[in-house]
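Chemist: Shown below is the structure under consideration.
The values are calculated or read from the model by the stated rules, or taken from the named source; none is laboratory data. All figures in this text were calculated on a predicted structure; none of them were measured in a lab. So basically every Cβ, Gly included, is an ideal-geometry build from the backbone, and we count neighbours across all protein chains shown. The area values use the complete protein model at the heavy-atom level, side chains included, leaving out ligands, DNA and RNA. Shrake-Rupley method; radii C 1.70, N 1.55, O 1.52, S 1.80 Å.
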Amino acid sequence: MKAETAARTRPATRSDKNLLWRDIIKNRWLYIMLIPGVLYFVIFKYIPMYGITMAFQDYTPYKGILGSDWVGFKHFQRFFGEPQFWTLFRNTFLLAIYNIVFFFPLPIVLALMMNEVRRERFKRFVQTLVYVPHFVSWVVVVGVFYMLFTTEGGAINELLYNLTGQKVAFLLEPGWFRTMIVGQSIWKEVGWGTIIFLAALSGVDTQLYEAARIDGANRWRQTWHITLPAIRSTIVILLILRLGNFLDTGFEQIFLMLTPTNRDVGEVFDTYVYTKGLTQAQYSYSAAVGLFKSVVGLALVLGANTLAKKFGEEGVY
């Protein structure tokens, strides 16, 4: 054990560096394929993090980031002291919980169902069918839902009127707002979410199923005792990563669905940042709100990862 620890902690030697370069040369095409992804994260994720400093300044475009006055935690104190803070937090938190509870399990269920399909041609057809909505923009999705649920000739409301003699203002009533948002997310993204789970399912050893059938296990028992444990680590990792975006409820979708009558339940951090930052030019204040969201997401990822490791899972890192 001491020898292994010493081997890990010893400084890199010339032979280690030579082995590294040999590995890079040997797998040069893989490293070349890695370059676009690395550049994407550097340019669009890491370099813009310099703008976080605006959250601690009274930023003005005339002075720029380097010339603006530092104000410390002034904008955070203002944000937490706003009467609207708890309304925003409640709306964002509830939508996030609804997405975790109702949306996250559905790609797993759909992947399990598709995994049971034995006819490859039909399976590919279904996969294509459920992947297509992912490529439809939120503007189109909201437009389709508007045509279906509007009280002025919407197909769903016309059907309800013929059956009950009444129409329901799904798009205006606050009580239906979260249901509509989650329903749209499910329709658009649940099929796309099955890709990783189907890839994980393809790696399950088929001999395990054969042994289970010999022991008399039915399809449900095979799924419960073989399939789900085999993809459990994938489920945990994706759940941890999703918690990182816990407070990102989707600006475009919610912004398009907001009306004066449902704003009390529909206004979330994302739309609040848009209102304060772009329409009212309060750049530093909106940066502080965005930084708060990021810190909460980071804390959730670290906490969930630690908890997962305590339960014997691999975690993200």
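Chemist: Give the carbon-plus-sulfur fraction of the accessible surface of the chain in %, rounded to a whole number; probe 1.4 Å, heavy atoms of protein chains only. Spell out each step's value before the answer.
Modeler: Numbers: 13590 of 20460 Å².
Carbon and sulfur: 66 percent of the exposed surface of the chain.
Chemist: Starting from the residue with the highest accessible area, list E120, E152 in decreasing order, probe 1.4 Å.
Modeler: Sorted descending by solvent-accessible area, the residues read E152, E120.
Chemist: Continuing with the same structure: Could you order peptides 238-245, 260-267 by the average number of other Cβ atoms within 10 Å of their residues, highest first?
Modeler: 238-245, 260-267
Chemist: Please work out how much length the chain gains when fully extended from V140 to Y161, using 0.36 nm per residue of separation minus the C-alpha to C-alpha distance, in nm with one decimal.
Modeler: 5.0 nm
Chemist: Can you give me the orientation-averaged projected area of the convex hull built on the Cα atoms of segment 185-237, in nm²?
Modeler: It is 4.2 nm².
Chemist: Turning to a different aspect of this structure: Once amide H atoms are placed 1.01 Å from N in the peptide plane, what residues at a sequence separation of 5 or more from Q57, or on another chain, have their amide H within under 5 Å of its amide H?
Modeler: The answer is V71.
Chemist: First measure r as the distance between the Cβ atoms of L172 and H225, then evaluate 1/(1 + (r/R0)^6) with R0 = 35 Å and state the FRET efficiency to the nearest 0.05.
Modeler: Given R0 = 35 Å and the Cβ-Cβ separation, E is 0.15.
Chemist: Please compute the modelled spin-label separation between Y62 and F85, points set 7 Å along Cα→Cβ, answer in nm with one decimal.
Modeler: 3.1 nm
Chemist: Using a Förster radius of 35 Å, what is the FRET efficiency between L20 and L307 based on their Cβ-Cβ separation? Nearest 0.05, please.
Modeler: So the FRET efficiency works out to roughly 0.50.
Chemist: On to the next question. Could you go through segment 238-243 in sequence order and give the Karplus-derived ³J(HN,Hα) for each residue, using 6.51 cos²θ - 1.76 cosθ + 1.60 with θ = phi - 60°, rounded to whole Hz, and x for Gly and Pro?
Modeler: Per residue, the Karplus-derived 3J(HN,Hα) values read 5, 5, 4, 5, 5, 5 Hz.
Chemist: Same structure, new question: Go through F102, F311 and list them by solvent-accessible area, largest first, probe radius 1.4 Å.
Modeler: The most accessible residue leads, giving F311, F102.
Chemist: Between E120 and T179, take the C-beta separation as r, use R0 = 41 Å, and let me know the FRET efficiency to the nearest 0.05.
Modeler: Calculated value: 0.70.
Chemist: Leaving out same-chain residues fewer than 8 places away, which lysines sit with a Cα under 20 Å from that of K26?
Modeler: Qualifying lysines at Cα under 20 Å: K17.
Chemist: What 222 nm value per residue comes from the helices of the chain, counting each DSSP H run with n ≥ 4 as -39,500 (n - 2.57) and dividing by all residues, nearest 500 deg cm²/dmol?
Modeler: -18500 deg cm²/dmol
Chemist: Sort largest first and round to whole Å: the equivalent ellipsoid semi-axes of segment 213-317, each the square root of five times a Cα gyration tensor eigenvalue. Working shown, then result.
Modeler: On the way: eigenvalues 331, 74, 13 Å².
So the equivalent ellipsoid measures 41, 19, 8 Å along its semi-axes.
Chemist: Would you mind putting 268-279, 34-45 in packing order, based on average other-beta-carbon counts within 10 Å, highest first?
Modeler: Highest-to-lowest ranking by the protection proxy: 268-279, 34-45.
Chemist: While we're on this one: For segment 68-309, what is the accessible area per residue in Å² when the probe is 1.4 Å?
Modeler: Here the residues of segment 68-309 average 56 Å² of exposed surface.
Chemist: Quick one: compute a quarter of the convex hull surface over the Cα atoms of the chain and quote it in nm².
Modeler: If I average the Cα hull's projected area over directions, I get 26.5 nm².
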